[in-house]
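The structure under discussion appears below in the form of structure tokens.
The values are calculated or read from the model by the stated rules, or taken from the named source; none is laboratory data. No experiment lies behind these values; they were computed from the predicted model shown. Backbone-built Cβ (ideal geometry, glycine too); neighbour counts: all protein chains shown. These accessible areas exclude ligands, DNA and RNA; they are computed on the full protein's heavy atoms, side chains included. Shrake-Rupley method; radii C 1.70, N 1.55, O 1.52, S 1.80 Å.
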2 protein chains.
Amino acid sequence: MPPLGRAPAVILSSPQMGENIGAAARAMANFGLSEMRLIAPKTEWPNERAKVLASGAGGILEAATVYPDPPSALADFGLVLATTARGRDVLRDILTPAEGAARLRAAAAQGIRTAVLFGGERAGLTNDEMSLAEAAITIPTAGFSSLNLGQAVLLIGYEWLKAADATPATRTRRTTAKPASRAELLGLFEHLEQELDAAQFLFPPEKKQTMVRNMRAMILRFQLNDQEVRTIRGMIVALVKNKFRGKP
Amino acid sequence: MPPLGRAPAVILSSPQMGENIGAAARAMANFGLSEMRLIAPKTEWPNERAKVLASGAGGILEAATVYPDPPSALADFGLVLATTARGRDVLRDILTPAEGAARLRAAAAQGIRTAVLFGGERAGLTNDEMSLAEAAITIPTAGFSSLNLGQAVLLIGYEWLKAADATPATRTRRTTAKPASRAELLGLFEHLEQELDAAQFLFPPEKKQTMVRNMRAMILRFQLNDQEVRTIRGMIVALVKNKFRGKP
């Protein structure tokens, strides 16, 4: 596994609502980001609403630092990516969140300090603020685009984590079981076909072979494990017994 | 482009807070999802707080339908994925959000109706509810895991959109400019080196060739376009003029 490097700082420029600052902190904590900076917040700071919305991530708010302007807040970073809504006319490369996260990871792995810059709730980043960033990130949306600050931070944080996340796409929970062997499957076929034949299910005789082949194809498609084969054979035994229960 | 198919329905089981239902609707709208179902909501319905939080996505709430139990809510879907927090002991394949979105897309493209099932705020889905889904989706998080319902819907919706999103990873906005030709770059080298030589910057003489080679390497790394070469040559002219301005 490559070195993961330090997570990017989240820099909120002129945030207006404590709720959104708190939601951003909560989003950050979920994905392993911990450094928050505020540029000239337009709400009181520290902020009670922010604390409520941060849920268990109050530590991020307590450690957050406040700066008067973008140059001071950004001074110590080697790579800064700015977030902007789709269609903004910026003289910057526009990256998908995944590509942005990949660039942040690559820089962090080289020991470069990184940051992601988010604009205020109403108008986003100014062109002057954008001009301080190496590139822009735009979150793809459908026609309706109304992501709030906390949601934007959530998605960027998610992509940051995902960029180094080794979780397999599919985790199968049948840990103690192993795929049924061919012998176990053939045993099931024989058992089932014998009982169905006895129950006159495989009728008329000229269709029997086709029906059997179709059943086998279906069962093979199930990708049964050894335990499941035993369970199904137990079901067959139980059903056969039950058949006679109601009879004299 | 392959057929996109119908977007999955978002099914909220026993949601407790109108705010979260509204946030889920807003998240859905951003990523092109429109069908919401509620199973036995634990809050009044319709819900005023939900409307406020839905922002521009009130239409999704108005069209939402309410069901008494999971079997009735899920009856008409061919593929149902259930969301669960990491580590839940479920007898299901556990998918990443991206893998889940890929399976939803693949099913929808075949005309299969799909749904994603989200549990209530406090306890998530019950094991009985989980047993009605083909597989589970778990959103990867860092150690701190505290995603709320709206955030979970946001991330699943994002992956749904992303699974068919053709946005290039990097979009370069220098659309009218083309990469500088070798002749333009050589013109810049010559111009800059001549002026620096005149200004006695390339000193001492025995280091001149090394300095020139280093400058050229730096400028080539910039990947300038034709317009930028002209701008920089204009800067050089201006700076040279300026040099003499303060002198007699």
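Tell me, which helices (runs of 4 or more DSSP H) wholly within the range A:147-248 include 2 or more residues that are farther than 30 Å from A:Gly120 by Cα?
Those helices (runs of 4 or more DSSP H) span A:182-198, A:208-221, A:226-245.
Quick grid of which residues meet (1) among the basic types (Lys, Arg); (2) open to solvent by less than 30 Å² (accessible area, probe 1.4 Å); (3) in contact (Cβ under 8 Å) with a residue 60 or more places away in the chain:
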residue	(1), (2), (3)
A:Lys42	yes, no, yes
A:Gly56	no, no, no
A:Leu61	no, yes, no
A:Val66	no, no, no
A:Pro71	no, no, yes
A:Ala75	no, no, no
A:Thr84	no, yes, no
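Six or more apart or on different chains, Cβ under 6 Å: which pairs go from a residue in the range B:226-247 that's of a type in the set (S, T, N, Q) to one that's at pLDDT 65 or above? Could you list them? Final answer for the pair search is B:Gln227/B:Ala177.
Scanning the range B:104-135 for residues being in contact with a strand residue (DSSP E or B) (Cβ under 7 Å, 6 or more places away or on another chain) and not hydrophobic (A, V, I, L, M, F, W, C) gives a total of 5.
Residues in the range B:91-117 that are farther than 19 Å from B:Arg6 by Cα and of a type in the set (A, V, I, L, M, F, W, C): B:Leu91, B:Ile94, B:Leu95. Selection of the range B:100-116 for residues being at negative phi and among the small types (Gly, Ala, Ser) yields B:Gly100, B:Ala101, B:Ala102, B:Ala106, B:Ala107, B:Ala108, B:Ala109, B:Ala115.
So B:Gly187 ticks every box in (1) in contact (Cβ under 8 Å) with a residue 40 or more places away in the chain; (2) touching a strand residue (DSSP E or B) at 6+ places or on another chain (Cβ under 7 Å) but one. Which box is left unticked? Only one criterion in (1) in contact (Cβ under 8 Å) with a residue 40 or more places away in the chain; (2) touching a strand residue (DSSP E or B) at 6+ places or on another chain (Cβ under 7 Å) is unmet by B:Gly187, namely (2). The test for being farther than 30 Å from A:Arg105 by Cβ, of a type in the set (A, V, I, L, M) and within 44 Å of the chain's Cα centre (by Cα) holds for A:Leu185. Applying the criterion of being surrounded by 20 or more Cβ atoms within 10 Å (Cβ to Cβ) and more than 8 Å from chain B (Cβ to nearest Cβ) to the residues of the range A:151-184, the residue that is farthest from B:Leu149 (Cα to Cα) is A:Ala180. Residues that are in the same structural domain as A:Ala25 (by TED's automatic domain parsing) and more than 26 Å from B:Ala136 (Cα to Cα) occur in the range A:149-168; there is at least one.
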